[in-house]
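Please read the structure below before turning to the comments.
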C-alpha cells in the first residue's frame, strides 16, 4: 500500500485491503465526534469512531462545559428568563461577527430548543435548574445557567433583550474542588448514549489521509495505530471532528499569528491535520484568524476596578463577558492591561465566591494617590490621572458614559489605590477552519459539497466569525456534530 | 471538451486540442505578471501573458507607484540616506507582522539592491534622484524617494535606524495634475521590456481552470475569451498573477470581514479566482485576514492635530505612516476617528504642498473651548478635555510620551478648536492569498510545491503578514513576480 504519511488524498484503487469498515467513520471522539456518532447511530448507521488518544473526551471533557443554547429552553424558563429565537439570532450575529455565517446561526438558533431536548431527553445530559449571577468565567458550584457572552452588558443590552444562554451540565461531585467539570458531564452521557446505540470506537488511531474514489467521493481514511497503517472504509461518509489548530505553530503563524505561543483551553492533539487533509481535496476555509481569547484574571476582581491599557486608557466595560476583555486586550491593546482598583473594592472582591481564585493576581503597585501610582507604573504624567478623573466624575452618579458599565459596578475609585499588572494575560484557541454547510457537509472552493465528507467542531468555522461567547464551541460542536452524523448516515 | 466554468482542475487527457501554447503562460498583466514575463523571457522562455481586461497594467498602473526597496540602493545613496540589509529586514519584520514569512523577507531584503538595478538597468524604470520629506501619501511632484512605512516615527525609530524605502518612478507629465502616475511609469517600461523580449500577450482572456496531468503537474489552463473557451498549454509552467480578492464579497466575508464594502486602490477584476483555482489543487493559504488600510485624510492636516477615537481618546502617533493610522482606526477603534485641530494648525496645513487636496475634509464642529467642543460632539463630559490636557501638558515641551510623536509635530492645541469627522474614512485591499516559496512556487498543504504552478503579487501572501508599508505590493509583486518567471522558465 502507498505510504499515507502524506496529507494528500489516496485513490481508493490503491487500497488493497480495508482493515475496518462502517457506514460512518468519525475521526475524533470529542463533543463533535460523539454527537455525530449518536446522531448517525440514531439514524440507523453502523458507526465507528477513531480517537487519537487512549480515551474519549477531547478538549470538551476538560472544558468548563458551557453549551450556548437559547430561544426559550426549559432551563431558561425554569430560571425565570424569557428568550426568543429572534433575540438569540440578533445577539449572535452582533457579538460573534463581523462576517458570521447567517444561515448557520439561523439554523442554530431555530434548532436550539430541540437541541436542548436532544441532549437532555435522548442523551441524558443533566442540567440543574439554577442560575449563577455573579461575575466569573464559570459557576463555582453546580448551577446550570449563566451569562456567557455579555448579553446583559454594553453594548448589546441597549438594543437586544438579554437572556443567559450558557447551559452547563450539572457536575456530580463539584462542591468546589471536584475533578469532573461540566465538560465531562456532557461527554460522559454522550459517549454512554453512543455506546448503548452500538457505536464502536478504536483508540490510539490517528487519521492521516482521506481516501477518494474515481468520482472524488470520500470513501474512507488511512490512519496510524501503534505505528502501523490501518485502513478504514466508510460506506456512507467520513466525519472530521478532530479539533482546532491551536497547537500547530506553523498554521498559527500563517493564519492567527497573535495566538502563537498562547494556546489555552485546548489540547496538544489540536494540530489542524483534519483541516489540511480536507484542504488537499480542495476544501474551502473560513475565518482562519478568529480565536477565543481568555483573559486570565478573576472577573470578581477586575469588575470592581477599571482596566487600562499600556498608556493608562480605559478600553472596555469591565462588566462584559471576559472573553471580550481578552480579545480587546490582545487584538486592540497590544496584549497590555493593568487593573486599577482601590483597597475597598479589592477587599470586597476577596469576600465574594468565585470559581477562579487562582486568577486573583496581587497588586504590583500600591499608592495613596493616582498621581503617585502612574509615576510608579512609569506611565506618562497625567495619563492615568485623567482616566481616573473622567471615570470618577461620572461614577459618582453611577454612570459610565465612556463604555456603559452598569451602575451596579460603577463606583468612584478611592484611596489607597493599586495597580495589578495583567500584561500578557491572554490565551485561547482557534475558531477558524473548514467551511461547512448548515448540514455539516465540507464545502469545496467551487461552493459544492465534497461528496462523502462531513465535519463539525473546531476543525470547522462554526457560529463564530470573530467574536466569541462561552458555550459556542460545545454548542456548535454538538449541534453541527449531530448534523454531520445525520448527513453522513443519509449519504450514499 | 468538458465545461471549465467550474473552478475544479481539469485532467489534461480531457483537453482534445490546445488553442495556444508557450513555455510559460502567465495569468494577469499587472506588475507581478509583467515582471514574471520579463524574467521568464530573459531566461530564454517563450512567454504568453493572458490579461482579462483590454490592456496591460492591472491595479499597478493606477497606483501611486511606490516600490519598497532598500539596503542601500543608488537612489537612497543619491538622496543622502544610509541603509543596510539588516536594518531593512529588522524594520519589515517589525512593521509588517506579526507572522511574517522570514525567509521571504530575508530574500527580499538581500536581493533589493539587485532588484533596483534590474528595474533601472534592464527594464528602464526611471527614478528621479530627489527626496520628498513632507507628510503625505505620495509625493505631489516627481520626486523619487519617500518614507512609506513609518520608519522614521515611533515606535520603530527608537530601535531601528530609519531610511526611506518608498521608490517611485519618475512621472513624465505630473507637475500636479498629470494623469500618468508612478504606477504607470513602472508598468510602461516593464511591458515595453517584455514586448522587446518577444513576450506575447492575449487580452480579454479570463483564466478559469487549471489543467493538470496524471502526475498532478500543472500543464496549462482553460480561459474564456469573448465568451468562448480557449485552451492554453504551458510547456514549463503557469504563473498566477491576477491580483487580490478585494472585490470578492464572499471571500471578504469569510476571511477579512472588516473590509467588506470598502475596497480601495484596487480594481474590480480582483475577484480571487486564481486563489480558488489553486486551492482546488490543494494549495495552501496564508494571512487571509490581512489588508492594506488607507486612511482618507490628508496627513498634512491630521499630523498637525490629534486623532481621537469615538470616545475622545488618542490612539496613535499622528506622524506615522498613514496606512498604520488606517489599520489602527479600522481594526482597533471601530473605524471611528475625529481630528482635533486648532485654527492656527488648520490654516498652516492649507499652506503646505500636498498630493491629496481632495482629502482635506472640513471641520464639522468649531468651538472656543474643548469643553464646548466635546459637548457638541456628544462625547462623555471631560473625555476629550482630559485627552487634550494630557497632550498639551507634554506638548508644551515638544514631547509626546503617550505615543512618541516627534517634537516637530507636537504643539499644544489652542483656541479656537475644531473637530473633523473622519468616521468610516478607511478602505483598501487584501494582502492574503496563496502560500508561495521564496522561489514563487505555489505550496501545497503538504508543504511541497505544486509542480508547474507559480504565483506572485496580491493573489499570494507576500512580505506583509498583518502590517503594511506603501510599496510592499509593487515591491513584492515585482520581486517575486520576477522569481516566478524565472522558476517557471526553469521548470520541466
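Other chains near A:386-394: what is the mean number of their Cβ atoms within 10 Å of each residue's Cβ?
Mean inter-chain Cβ contacts per residue within 10 Å come to 5.
Need the C-alpha centroid separation for the range B:227-303 versus the range A:10-76, integer Å.
The range B:227-303 and the range A:10-76 have Cα centres separated by 36 Å.
How many nm is it between the label spots at residue B:448 and residue A:399, if each spot is 7 Å from the Cα in line with the beta carbon?
For residue B:448 paired with residue A:399, the spin-label model returns 6.8 nm.
Over all directions, what mean area does the Cα convex hull of the range A:297-424 project, stated in square nanometres?
Over every viewing direction, the Cα hull of the range A:297-424 projects on average to 6.9 nm².
What whole number of Å gives the distance from the Cα centroid of the range A:98-145 to the Cα centroid of the range B:311-338?
Between the Cα centres of the range B:311-338 and the range A:98-145 lies a distance of 38 Å.
Between copies, how far does the label point of residue B:159 sit from its twins, in nm, shortest first, when each point is 7 Å from Cα along Cα→Cβ?
With the label placed 7 Å along Cα→Cβ, residue B:159 yields 4.0 nm.
For the range A:372-449 and the range A:471-489, what is the centre-to-centre distance using only Cα atoms, to the nearest Å?
Each part's Cα centre sits 31 Å from the other's.
List the distances, in nm to one decimal, from the label point of residue A:82 to the label points of the same position in every other copy, shortest first, placing each label point 7 Å from Cα along the Cα-to-Cβ direction.
7.4
By per-residue mean of other Cβ atoms within 10 Å, what is the highest-first order of A:38-51, A:20-33?
For the peptides A:38-51, A:20-33, the packing ranking is A:20-33, A:38-51.
I need A:394, A:167 ordered by Cβ neighbour count within 10 Å, fewest first.
Arranged by neighbour count, lowest to highest, A:394, A:167 become A:394, A:167.
As a footprinting exposure proxy, order A:303, A:67 by other Cβ within 10 Å, with the fewest listed first.
Least crowded to most crowded, the residues run A:303, A:67.
Calculate how large, on average over all directions, the projected area of the Cα convex hull of the range B:364-492 is; give the answer in nm² to one decimal.
11.9
Would you mind classifying the range B:10-55 by shape? Square roots of the alpha carbon gyration tensor eigenvalues, ordered a ≥ b ≥ c; an a/c under 1.5 is rounded, otherwise it is prolate if a/b is larger than b/c and oblate if not.
oblate
So if R0 is 45 Å, what FRET efficiency would residue A:352 and residue A:375 give, r being the distance between their Cβ atoms, rounded to the nearest 0.05?
Computed FRET efficiency for residue A:352 and residue A:375 comes out at 0.90.
Grab every C-alpha pair in the range A:353-410, bin the distances at 10 angstrom width from 0 up to the longest one, and report whole percents.
Over the range A:353-410, the share of Cα pairs per 10 Å bin runs 20, 32, 42, 6 percent.
Measure off 7 Å from each Cα along the Cα-to-Cβ vector at residue A:192 and residue B:110, then give the distance between these two points in nanometres to one decimal.
Label-label distance for residue A:192 and residue B:110, simple model: 6.2 nm.
How far, in nm, would the chain grow between residue A:6 and residue A:102 when pulled straight, counting 0.36 nm per residue and subtracting the alpha carbon separation?
Result: 31.0 nm gained on full extension.
By the gyration tensor of its Cα atoms, with a ≥ b ≥ c the square roots of the eigenvalues, what is the shape of the range A:79-172: rounded for a/c under 1.5, prolate for a/b over b/c, or oblate?
Because a/c hits 1.5 or more and a/b fails to exceed b/c, the range A:79-172 counts as oblate.
For a Förster distance of 56 Å, can you work out the FRET efficiency between the beta-carbons of residue A:203 and residue B:490, rounded to the nearest 0.05?
0.70
Using only Cα atoms, tell me the angle between helix B:31-42 and the longest principal axis of chain B; keep it within 0 to 90° and round to the nearest 10.
With both axes taken from Cα atoms, the answer is about 40 degrees.
For A:254-260, what's the mean count of beta carbons from other chains sitting within 10 Å of each residue's beta carbon?
So the per-residue partner count for this stretch is 6.
Give or take rounding to whole Å, what are the principal axis extents of the alpha carbon atoms in the range B:450-492, in descending order?
Its Cα atoms span 36, 17, 11 Å along the three principal axes.
What's the ranking of A:112-121, B:201-210 by average number of surrounding C-beta atoms within 10 Å, highest first?
B:201-210, A:112-121
Would you mind listing the distances between the residue A:134 label point and the same position in each other copy? Use 7 Å along Cα-to-C-beta, nm, one decimal, shortest first.
Copy-to-copy label distances at residue A:134, shortest first: 6.3 nm.
Compute the acute angle (0 to 90°) between the alpha-carbon long axis of helix B:472-490 and the principal axis of greatest extent of the alpha-carbon atoms of chain B; round to the nearest 10°.
Approximately 10 degrees, to the nearest ten.
Order by neighbour count: A:127, A:66, fewest other Cβ atoms within 10 Å first, most last.
Result, fewest neighbours first: A:127, A:66.
What FRET efficiency would be calculated for the residue pair residue B:117, residue B:213, taking the C-beta separation as r and a Förster radius of 35 Å, to the nearest 0.05?
Step by step, r from the Cβ atoms, then E = 0.40.
If we sort B:6-16, B:454-464 on the protection proxy, mean other Cβ atoms within 10 Å, highest first, what's the order?
Result, highest mean Cβ count within 10 Å first: B:454-464, B:6-16.
In terms of the ratio Rg/(2.2 N^0.38 Å) built on C-alpha atoms, what value belongs to the protein assembly as shown?
0.97
In nm, give the distance between the simple-model label positions of residue A:407 and residue A:368, each being 7 Å from the Cα along the Cα-to-Cβ direction.
Using points 7 Å along Cα→Cβ, the separation is 3.5 nm.
Counting only other chains, what is the mean number of Cβ atoms within 10 angstrom of the Cβ of each residue in peptide B:416-423?
The per-residue average across the peptide is 0.
What shape does the range A:126-170 have by the C-alpha gyration tensor, where a ≥ b ≥ c are the square roots of the eigenvalues, rounded means a/c under 1.5, and otherwise prolate means a/b greater than b/c and oblate the rest?
Cα axes put the range A:126-170 in the prolate bin.
Can you give the Rg to Rh ratio of chain A, both from alpha-carbon atoms, with Rh computed by the Kirkwood formula?
Reported Rg/Rh, Kirkwood definition of Rh: 1.02.
Rule-based calculations on the coordinates, nothing more; no lab input. A quick note: this is a predicted structure, and the numbers were derived from the prediction, not measured. Cβ coordinates were reconstructed from backbone atoms using ideal geometry, including for glycine residues, and neighbour counts include every protein chain displayed.
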